[in-house]
Amino acid sequence: MDKDNFFGREENLKQLHIQLWQSDRIASIAGMGGIGKTELALQYTKAQVKESQYPAGICWLSAREQNIATQIVDFAQIHLNLNFPEQLKDDARITFCWKHWPQGEALVVFDDVTNYDAIKPYLPADSRFKVLITTRLDLGSSFEKVVIEELDPKSAIALLESFPDVSQRIRSQLVDAQALCKWVGYLPLALELLGRFLARKLDWSIDRLIRALDEKRLAAKALVETENGMTGQLGVAAALELSWQELNEAEQKLACVLGMFAIAPIPWSLVVRCEPEVEPDDLEDIRDDGLMARSLLKRVGEGNYQLHQIVQEYFRIKLGERVDIVVSQNENQDQSIQEIFCCMIANICDDISKEHMIYQVKSVRGIIPHLEESLKQWVKHFNENDLIYVYVRIKDFYTEQLDYVSAELWCRECLEIAQEKSREKCPSLMVIMSLANLASFCLDMGNHEESENLFKKGIKMTQRLFSKNLYQESCLLLSIMSNNLAALYDSQQRYYEAESLYHESLSMAFFYNLDNSYIVAILNNLAALYDTQGKYYNAEILYKTVLNTLEN
């Protein structure tokens, strides 16, 4: 950034100074690529120069893929005018530097450390030297550290406004500017690149920039092109690529799996289910030693982990580049990572009981964002049977939360997706199940007219499936929809039509030996119908049949 103004890091600067002066003199600035570690270190050194806090000077060393010893010797010769005895070689010259350093407190900065053991031999031993390390690594509990996160929304806007000819556009398009900051997850490197891009593109609106990001994602010029004078000289994707290259194959695969989840806390138990061929303890080691250790993943509560959205975006790019196939242990067939993920999502939905949703709501709430994300991003990797149940469980959740607007939206989207996927397979079980799902919801919401039309349409389509020899599936659907339509007629006091449909539904359930739960539901509804009509003898017989069925 290299700007006079520095946004949102004031407390980090104070914390850093305290750690350097009140701890064992070694502190680190840790965080993901692009989060502003080097910039924080640079701003700290600038402030200390003004305060004359380090009278013996500040030595800045670049640690990534550069010779540390050469840099220290060059600094000593150029800035300290040290002359080395000719017989001194290698490590002895470093010792000579520290020993003949000017008196007083000094600061040595090791920037972008990728391997602590690589710099350890060059650390000064004298306590008057303060050592500051910037790194993506977690160096462990032996070191004081300042872990920096993304900027807060207010600081992000202030950073964008700090660039020439940008502030007026930010103020006049504030809502879009806030959306722009959110798009990049308030990541300082991304915000600086965007600010510089807007400063060059004077005719660009912020909305136009957002549309460019939506189209090109991390490949957009605004997130790639750097300028002279920037602290970092890499675009966003290139900065993350440095961390990616340090991951081994197992860590990269786990990264791709995590990238498929939503930007929300990820229950680790779901990740374990995505990698059935890896022992849980081994998977934790891959997570901790690979992704967590490089600040690519953070823990956000017991058993929950989360990606920054730019990291998620990058992992999805890498997922798209993978052409390898993973063999599922359960299916004995080749499956892609995406297909295994979708199978896991479907199994989760199968585990969630609609009847007990109210008791599971706390745990289900943490899963819902990932169910929704799977439908937004990976819908083509679901098979039809699994897909419908994901939609149904999301609808059930919102219904239990009394959020009927959201529940209805998911019902209708389910039908749209089913129709889109089944254009060449008409009639389709998925379309019929989606119709039945929406019809039942409309019935519960009191929208009787649409409910009746949907049930009738679904029944008509189901009857056509018998010609395709789908007897069991057709009969189950037909029985359920006939029962529900009968319940609708019952509520409208259309008793004759209701009774006829109940009997039809019951006949199919018995003939095709459907599950007792369906038979009991139909019997109970028919008994209630007789009770309403004052046909108590018939109602009594059916209620007793229900009891006997349940007992047996």
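K89: which lysines have alpha carbons under 29 Å from its alpha carbon, excluding same-chain residues fewer than 8 sequence positions away? Leaving aside lysines fewer than 8 places away in the same chain, those within reach of K89 are K99, K120, K130. Out of [x] 1.33; [y] 1.12; [z] 1.17, which label holds the value of Cα Rg over 2.2 N^0.38 Å that was computed here? Here the calculated entry is [x]. Only Cα pairs under 8 Å and 6+ residues apart enter the sum, and on that basis the relative contact order of the chain stands at 9 percent.
With all protein chains kept in place, the per residue accessible area of the stretch 131-186 amounts to 46 square angstrom at a probe of 1.4 angstrom. Per residue, the accessible area of the stretch 33-85 comes to 48 Å², computed with a 1.4 Å probe over protein heavy atoms only.
Measuring between alpha carbons in the structure, the pairs from K380/K456; K216/K395; K145/K318; K318/K380 lying more than 23 angstrom apart are K380/K456; K216/K395; K145/K318.
The angle separating the long axis of helix 495-511 from the principal Cα axis of greatest extent in the chain is about 70 degrees.
Relative to the longest principal axis of the chain, what angle (0 to 90°, nearest 10) does the C-alpha long axis of helix 471-491 take? Between helix and principal axis, roughly 80 degrees. The helix-only estimate of mean residue ellipticity at 222 nm for the chain, built from DSSP H runs of length n ≥ 4 each weighted as -39500 (n - 2.57), is -18500 deg cm²/dmol after division by the residue total.
Highest mean packing comes first when the peptides 252-260, 160-168 are listed by Cβ atoms within 10 Å, giving 252-260, 160-168. Here the chain exposes an accessible surface that is 48 percent carbon and sulfur, computed with a 1.4 Å probe and the other protein chains kept in place. Between the helical axis of 536-551 and the longest alpha-carbon principal axis of the chain there is an angle of about 50 degrees. Between the residues L189, T135, P121, the greatest Cα displacement towards the positive end of the dipole of the chain, with unit charges on the Cβ of Lys, Arg, Asp and Glu, is found for L189.
In whole Å, what is the distance between the alpha-carbon centres of the stretch 267-297 and the stretch 4-74? Here the answer is 32 Å between Cα centres. When only alpha carbons are used to place a centre, the stretch 498-544 and the stretch 138-178 end up 64 Å from one another. Put a plus charge on the Cβ of each Lys and Arg, a minus charge on the Cβ of each Asp and Glu, and nothing anywhere else: the dipole of the chain about its Cα centre is then about 1300 debye. The residues of the stretch 369-449 present an accessible area of 47 Å² per residue when probed at 1.4 Å with all protein chains retained.
The values are calculated or read from the model by the stated rules, or taken from the named source; none is laboratory data. Computed from a predicted model, the values in this text were never measured in an experiment. Reconstructed Cβ throughout: ideal geometry from the backbone, glycine too, with neighbour counts over all protein chains shown. The accessibility values were calculated without ligands, DNA or RNA, using every heavy atom of the protein model including side chains. Shrake-Rupley method; radii C 1.70, N 1.55, O 1.52, S 1.80 Å.
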